[in-house]
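Step one of this worksheet: look at the structure below.
The values are calculated or read from the model by the stated rules, or taken from the named source; none is laboratory data. The shown structure was predicted, so the numbers you read here are calculated from the model rather than taken from an experiment. A quick note on method: Cβ atoms are made from the backbone with ideal geometry, for glycine too, and the neighbour counts reach across all protein chains shown.
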Amino acid sequence: MNISILGAGAWGTALAAAAAERHEVMLWARDRDAVSRMQATRRNTQYLPDTELPAALQLTHDLGQVLAHGAGEGLIVIATPMAALREMLLQLPPKSRVLWLCKGFEAGTGLLGHEILDDLKLDLRGGILSGPSFAQEVAAGQPTALVAASQDPDLPQCAVEAFHSDRMRVYTSPDPIGVEVGGAVKNVMAIAVGIADGLGLQAQAQGQSAGAPGLNARAALITRGLAEMLRLGLALGARTETFLGLSGMGDLVLTATGDLSRNRRVGLMLAQGRSLDDILHALGHVAEGVYSAPTVLSRAHDRRVDMPITAAVVAVLEGRLSPLAAVDVLMGRQARTEY
């Protein structure tokens, strides 16, 4: 299969390297100099410096070339941040098969990926490839499981043919709404867990662990975060079972607890008292939860969905609550039934 991957960040590069073992894969980056460096060194030194790119992997900065490569019976994968998804979709040839990897809501419109495609009214067959996956582990050939979701019944199977291997399992789903909600909301919850864990680590270091968040708090945040994710997903038309799978609970656990999680690191650094601008500069990569959190909360308000953890994260990101005050607000909520 001809596969074109648009975006040479960590995840796009890792997926391209994995697929190049069995398919004709072309990886596109907007930056001509970055492509030249990758061609010369066979490494993406900015995002995956420890991974040698397969000799068969083609690299280009020519958008027309990469789109022609994946058009028709091929597959185009958009591996840009959510902010660029609309722009990329507008460039694709009609009738292309396209999957996007980005997770979140579009700033300004508050739309999920499938809603952006519907809004553009393009003649494309689209869906999402998601699930618990750190790019570094995929690039290293470590076992990973993903889910491909689309309302087009044939597109998820195309993803299986493209990426399923002895090191990567690809499951299929007819519920892109649930998969996309899970992918967006889990980033916000990872910031919340990072904040709690960061406060707990600080308290331990100072010998004042009494009253500080610990592993009990982490478990509560993940579980109640899943409940928030489920409530919003059902309000938007998703299926309950999706949130018990890879793109729901699976991705939430990974992103909230994994040391490679950028969103978790945002929370940890917020707990240290660092400013958001300083944190984003230090990361050097996009942390989608920072940009998605206000939109998640806005869509929840529109559907009258209660999302107190999300609201607390937004308040911290906007500087209206300190990390410690946000924990106090959540713990001080009135008791209620669990479901």
Inset, instruction - Within segment 16-32, identify whether any single residue is over 24 Å from the mean Cα position of the chain (by Cα) and among the aliphatic types (A, V, I, L, M), and answer yes or no. - result: no
Inset, instruction - Give the number of residues within segment 275-305 that are more than 19 Å from E106 (Cβ to Cβ), modelled with pLDDT under 95 and among the charged types (D, E, K, R). - result: 2
Inset, instruction - Tell me, yes or no, whether segment 47-63 has at least one residue that is over 20 Å from Q136 (Cα atoms) and in contact (Cβ under 8 Å) with a residue 60 or more places away in the chain. - result: no
Inset, instruction - Scan G250, G273, G267, G258 and give me the residue that is surrounded by 24 or more Cβ atoms within 10 Å (Cβ to Cβ) and either touching a residue at least 40 places away in the same chain (Cβ under 8 Å) or not β-branched (V, I, T) (or both). - result: G267
Inset, instruction - For segment 249-339, please list each of the helices (runs of 4 or more DSSP H) lying entirely inside it that holds at least 1 residues being within 23 Å of the chain's Cα centre (by Cα). - result: 251-257, 262-271, 276-283, 288-302, 308-317
Inset, instruction - Would you confirm whether any residue within segment 106-113 is among the charged types (D, E, K, R), at pLDDT below 95 and within 23 Å of T80 (Cβ to Cβ)? - result: yes
Legend entry - Candidates V170, V160, filtered to the one that is assigned by TED's automatic domain parsing to the domain that holds E24, among the β-branched types (V, I, T) and closer than 17 Å to T242 by Cβ: V170
Legend entry - E115 of a type in the set (D, E) and under 20 Å from L232 (Cα atoms): yes
Inset, instruction - May I ask you to list the residues in segment 74-111 that are in contact (Cβ under 8 Å) with a residue 40 or more places away in the chain and within 12 Å of the chain's Cα centre (by Cα)? - result: A79, T80, P81, M82, L101, C102, K103, G104, F105
Inset, instruction - Select, from G198, G225, G245, the only residue that is outside the structural domain of I128 (by TED's automatic domain parsing) and out of contact with any helix residue (DSSP H, G or I) (no Cβ under 7 Å at 6 or more places or on another chain). - result: G245
Legend entry - Total residues in segment 120-145, condition surrounded by fewer than 19 Cβ atoms within 10 Å (Cβ to Cβ), polar (S, T, N, Q) and under 17 Å from the mean Cα position of the chain (by Cα): 1
Inset, instruction - Answer yes if at least one residue in segment 226-242 is in contact with a strand residue (DSSP E or B) (Cβ under 8 Å, 6 or more places away or on another chain) and not polar (S, T, N, Q), and no otherwise. - result: no
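With the structure loaded, tell me whether D197 is under 24 Å from L324 (Cα atoms), in a helix (DSSP H, G or I) and among the charged types (D, E, K, R) or whether it fails that test.
Criteria met by D197.
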Legend entry - Test: residue in segment 223-232 that is under 28 Å from V138 (Cα atoms), in contact with a Ser or Thr (Cβ under 9 Å, 6 or more places away or on another chain), free of Cβ contacts under 8 Å to residues at least 24 places away in the same chain and part of a helix (DSSP H, G or I): yes
Legend entry - Which listed residue is under 23 Å from N263 (Cα atoms) and surrounded by 18 or more Cβ atoms within 10 Å (Cβ to Cβ), from L112, L57, L27, L117: L112
